[in-house]
Every structure is written in C-alpha cells, then in structure tokens.
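Derivation of every value follows stated rules applied to the coordinates shown; laboratory data play no part. Note that the coordinates shown come from a computational prediction; the quantities given were computed from them, not determined experimentally. No Cβ is skipped: glycine too gets one built from the backbone with ideal geometry, and neighbour counts run over all protein chains shown.
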Amino acid sequence: MTKQYGILAYPAKHSLSAVMQNAAFKALGIDAQYGLFEIPENELADFMKQVRHEPISGLSVSLPYKQVILEYLDEIHEDARKIGAVNTVMNNGGFLHGYNVDFIGAIRALEEVCGSLKGKRVTVLGAGGAARAICYGLLKEGAKVSIYNRDVEMAEKLAREFSEMFGVDVKYGSLGETSKASGDILIQATSIWMTASDSKLEDLISLEALGRFDIVMDIVYVPLKTPLIKAAAELGKKIITGDKMLLYQGMEQFKLWIGKEAPIQVMRNALEKNL
Ligand code: NAP
C-alpha cells in the first residue's frame, strides 16, 4: 500500500516540502506520497487521532503547530525536547515519535560554508521557533551566541534558558540594539520578510553593523533574495540563502522516515525549479 506523508500546517499551501519529498520518492522508486494537511486549530485533535489510526507514516510540522504538537506525541527525542519544538513526526504502528531536524538543516548549511562552528561568534536575529532550534544547534557545536529580537523579553527568556542548559553566557538584546552587533556570522531567523513584506534592511540592522560580519545567512526562502541577502552580497560577504536549511532538514526527514540516504541532487533540483 502507498505510504502517506505530509506537512501539517495552517496555512500549508506555500510549502515546498511536497515537491522535494515526492521527487525523492519517485527517484528511489519508493511507493509513497507526500501531501498537504492544512488543518485549522479546532480540528487538530481529531486529525492527530486519525494520524495514529490511519496509515499516515510521517509528518513534517510547521507553523503554528511546532510546539502544540508535543502533547499529541508518545515519545519526544532529546533534541526536540530541549528545543521545545517538533518539526518531524514518525508513526511506528500508531506510536508517534517527535523529532526536530530544523537545527540539523541550519548547522549543515552553515558548516558547508564556514567549517567548524566551535568558538565562532554568531548573532541570531529572532527568538521564535526557528531561532530556538538554530541557537540550540549553534550552542551544541560550541559557538558563542548573541540573540536580538523585536520583543526583547523573548530574547531574554531564550538566552537565560540556553545559558543554563549549556553552562555558557548567551547575550541578548532588542532589534533596536543591533547597531553594536559584530561577529563572524549573522543569522536572520525572524519572519519579517513574510509578515511585513515592505520591511527594509534597517528595520533589522544597519549597513555599518552588517559590514562587521563575514558570513550572512537568512533562513527565509520566500523571497529567496531578501533585502539582507542582497545587501550582504553587495558588501562582498559570503551568503547562505534559506533554501539550504530547507533542503538539509528535508533530507534529514527523508532519512528518518525511509531509513535511506536522501537523493540530494534530486531534491535540490526539485526545490530550485519551484523557488
Ligand atoms: P515564529 O515562531 O512565529 O517566530 C517569528 C519571529 O519573527 C519572532 O522572533 C518575531 O519577533 C519575529 N518577527 C515577526 N515579524 C516581525 C517583524 N515585522 N519585525 C521583526 N521581527 C518580526 O516563526 P519561526 O518558526 O521562528 O519562523 C521564522 C521564519 O523562518 C519564517 O519566515 C519561516 O518561514 C522561516 N523558516 C525557514 C526554515 C527553513 O528551512 N529555511 C525553517 C523554519 C522556519 P517577536 O517575538 O517580536 O514577535
């Protein structure tokens, strides 16, 4: 019987996971299909009952369900538990396991450009679900992390929690304080380009402060060339666009579900065609 996978989100239509995963299934001759589960919040509980009893073998989980999904799962992997969010579910005969592979995708995208992250000074903009996963991955790899967020209380909460978890000093501030930021790597992990599409670079960081970083990554992939990526490219910085994290976390999901290495070139091509 054809195995079913899909993305659980609301809305889900903008997701590019289906094109990547379906291309990978086809290339490896796997009898599986990846669809969209666009489920409103008041139908989530019923949907999760259905997942357990009907043959839905795995889920990608996106906004707004990465945190609330935890209460519907039977086992949560240590990384996902520490991050406090799940972006991948595996259904083993009705037993639901939760994982977070967002951080693996982000770390791989970074390491292929800058090598080891140990000791690197990294500034993260944002303190939402994606920023949490990325900061966790960075600290696990031994980077020195500073977090800036529009709502400074969220940045402070995250910095305190991870300072305690990793036994290091995680600095924090508001977006209004990024003019003094500096370091090796800057990571844009807010949804600013999506929630306020007329936003400018200066709403996040000044050109002068941007100039103090060597590598600039933006995890937003719609648009792919964000105002930050464009400005960083003009300054001659090494840039990492959001499709890299998306691709590498998608490959991790494929590996968890199917138990085989994901076909990177097939998935990359499928993604590029649809961006
Ligand atoms: P989230 O949990 O909703 O967090 C949103 C973050 O963006 C918060 O830090 C929020 O700040 C900030 N923000 C929103 N609008 C803003 C604005 N106008 N100005 C400044 N800051 C603003 O979302 P998330 O899951 O972390 O996702 C963040 C973005 O990353 C989304 O665009 C998502 O599509 C993208 N993403 C990409 C990948 C990938 O694989 N490339 C993976 C995951 C997520 P406040 O706390 O002040 O509200």
Qualifying residue in segment 255-268 (condition: of a type in the set (S, T, N, Q) and surrounded by 15 or more Cβ atoms within 10 Å (Cβ to Cβ)): no
Qualifying position, being part of a helix (DSSP H, G or I), away from the ligand (no atom under 12 Å from the Cβ) and on the phi < 0 side of the Ramachandran plot, among E112, E153: E112
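Yes/no matrix, rows are residues, columns are (1) surrounded by fewer than 20 Cβ atoms within 10 Å (Cβ to Cβ); (2) touching a Phe, Trp or Tyr at 6+ places or on another chain (Cβ under 8 Å); (3) of a type outside the set (V, I, T); (4) free of Cβ contacts under 8 Å to residues at least 60 places away in the same chain:
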residue: G119; (1), (2), (3), (4): yes, no, yes, yes
residue: V124; (1), (2), (3), (4): no, yes, no, no
residue: I134; (1), (2), (3), (4): no, yes, no, no
residue: N149; (1), (2), (3), (4): no, yes, yes, yes
residue: F166; (1), (2), (3), (4): yes, no, yes, yes
residue: S174; (1), (2), (3), (4): yes, yes, yes, yes
residue: K180; (1), (2), (3), (4): yes, no, yes, yes
residue: I192; (1), (2), (3), (4): no, no, no, yes
residue: S197; (1), (2), (3), (4): yes, no, yes, yes
The one condition in (1) among the hydrophobic types (A, V, I, L, M, F, W, C); (2) in contact with a Ser or Thr (Cβ under 7 Å, 6 or more places away or on another chain); (3) within 15 Å of the ligand (Cβ to nearest atom) that V170 fails to fulfil: (3)
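Yes or no, residue by residue, for (1) closer than 23 Å to L117 by Cα; (2) not β-branched (V, I, T):
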{"site": "I185", "(1), (2)": "yes, no"}
{"site": "T195", "(1), (2)": "no, no"}
{"site": "G211", "(1), (2)": "yes, yes"}
{"site": "P223", "(1), (2)": "no, yes"}
{"site": "K237", "(1), (2)": "yes, yes"}
{"site": "G250", "(1), (2)": "yes, yes"}
Among residues of segment 181-202, those that are within 23 Å of I107 (Cα to Cα) and near the ligand (Cβ under 10 Å from one of its atoms), counted: 7
Helices (runs of 4 or more DSSP H) wholly inside segment 185-275 containing at least 1 residues that are under 21 Å from the mean Cα position of the chain (by Cα) and either on the phi > 0 side of the Ramachandran plot or not acidic (D, E) (or both): 192-195, 227-234, 242-258, 264-274
Selection count, segment 147-183, where residues are touching a helix residue (DSSP H, G or I) at 6+ places or on another chain (Cβ under 6 Å), of a type in the set (G, A, S) and within 19 Å of L117 (Cβ to Cβ): 1
Evaluation of K140 against (1) within 12 Å of the ligand (Cβ to nearest atom); (2) surrounded by 15 or more Cβ atoms within 10 Å (Cβ to Cβ); (3) within 21 Å of A85 (Cβ to Cβ) (one fails), failing number: (1)
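To keep it simple, each residue is scored yes or no on (1) β-branched (V, I, T); (2) closer than 30 Å to Q33 by Cα.
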| position | (1), (2) |
| --- | --- |
| G173 | no, no |
| S182 | no, no |
| I192 | yes, no |
| L210 | no, no |
| V216 | yes, no |
| V220 | yes, yes |
| F254 | no, yes |
| I264 | yes, yes |
Odd one out for D218 among (1) more than 10 Å from the ligand (Cβ to nearest atom); (2) closer than 18 Å to K120 by Cβ; (3) in contact with a Ser or Thr (Cβ under 6 Å, 6 or more places away or on another chain): (1)
